[in-house]
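Have a look at the structure below, then the notes.
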Amino acid sequence: MRRTFVFSSILVLTILLTPHRSAQAASSNAQFEQYLSELQNSPDDQELRKKIIQWVHSMKHKPATPDDFDRYMDRGGEAFKEAKSVGDYNDAVEEFKKATLAAPWMGNAYYNLGLAQEKAGDHAGAVRSFKLYLAVSPNGSDAKKVKSTINKIEYKAEKARKEKAQRLQTWEGKWSEWTMGNPAGSCLITKDPDSGSYKITVGSRSTYDLTVKEGHIHWEDANGMWDFDFDLSQDGMSATGVGNSPRQNIVNQAFELKRVVE
C-alpha cells in the first residue's frame, strides 16, 4: 500500500512540474529568438554574439543549423578557393559574414571568416572573428594555434599602424589644395629614398625640385617662386598656412592642404 502511495505521489509531482518546465523552455526559446533578431539589426555587436554563444553552450539541446548556413559556407569556401585579389577575398568575407548571421553559434563560420579577413587585409576584423571562434571552442584542439594566429595578426596590425603614422608625419603623398576654402588643384610630393631630396608635381604640370625644411616649403615654377609656411596637423591629414608668390602678387595668401588617401 505504501509503495502505491509513493508511486502515486511521484506521478502527481511530475504532472505538476511538467507545465512549469514547459513554460521555462518556452521562455528560454523566446529569449534566444530575441537575441537572434537583435543580431540581424546589429550584426557588428560582438557582445551580443558572445551572449548568443554562451546561451547555446547552456542549452541542453543545441539549435538546428539553418539551410542558409550551409549555403553561405559553401559560397564563401568557393570564393576563398578561387580568390586572386583583395576584392575576391572580400567576396568570401561577405559570404562568411552571412553564415555567422544565419547561425552565430557555429565556430567554423567565424574561423573561415577570420581567414578571409586576414587575406583581405582586415586585421582587426580577423582578430575579432578568431576570438569569437575561441568563444565557441575555448578548449578545442586547435585553440592554441588560433591564439598564436591572433598574436601574429595583432603584431602585423600594430606594425602597419606605426608605419602609417610615420608616413602621415611627412610631406610625402598626394594633396588637394584649398585656397581660402576654394579648391585650387592638387599636388604630389615625393622623396627620393637615396638622396633624400623632394620633388613636387603641381596638377598635371611639370615636376619641380622642392625644398622642405620643417614646415617651410619652397619651389620655383613657370609662375615664379612659391613659398609656403605650413603647420602639419597632428594626424598628418591636413596642413594650414600661408603662401607667397611675388610674380603673381600673392602675399600671405591663406592655404590649406588636405591629404588624399588612395
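Ratio of segment 173-260's C-alpha Rg to 2.2 N^0.38 Å, to two decimals?
Working: Rg = 12.4 Å, N = 88, 2.2 N^0.38 = 12.1 Å.
Normalised by 2.2 N^0.38 Å, the Cα Rg of segment 173-260 equals 1.02.
The fewest-to-most ranking of Leu48, Leu257 by surrounding Cβ atoms within 10 Å reads Leu48, Leu257. How would you classify segment 23-167 from its alpha-carbon gyration tensor, with a ≥ b ≥ c the square roots of the eigenvalues: rounded for a/c under 1.5, else prolate if a/b is greater than b/c, otherwise oblate? Here segment 23-167 falls in the prolate category. If you count Lys pairs in segment 173-260 whose Cα atoms are under 16 Å apart, skipping same-chain pairs closer than 8 places in sequence, the total is 6.
Near Leu101, within a Cβ-to-Cβ distance under 10 Å, what is the net charge of the other residues, with Lys and Arg +1 and Asp and Glu -1?
Details: positive: Arg49, Lys97, Lys98; negative: Asp68.
Every neighbour counted, the sum reads +2.
Neighbours of Ser238, meaning other residues whose beta-carbon lies under 12 angstrom from its beta-carbon, give a summed charge of -2 when Lys and Arg score +1 and Asp and Glu score -1. Once the Cα-Cα distance is subtracted from the 0.36 nm per residue extended length, the Glu220 to His57 segment shows a gain of 51.7 nm. Charge dipole of segment 23-167 (Cα centre as origin; +1 on each Lys and Arg Cβ, -1 on each Asp and Glu Cβ, all else neutral): 800 debye, rounded to the nearest 20. Each peptide in 31-37, 234-240 gets a packing score, the mean of other Cβ atoms within 10 Å over its residues, and the list from highest to lowest is 234-240, 31-37.
Every read-out reported here was derived from the displayed coordinates using simple, explicitly stated rules and does not represent laboratory data. Since the structure is predicted, the reported quantities are computational estimates derived from the model, not experimental observations. Glycine also receives a Cβ, built like all others from the backbone with ideal geometry; neighbour counts cover every protein chain displayed.
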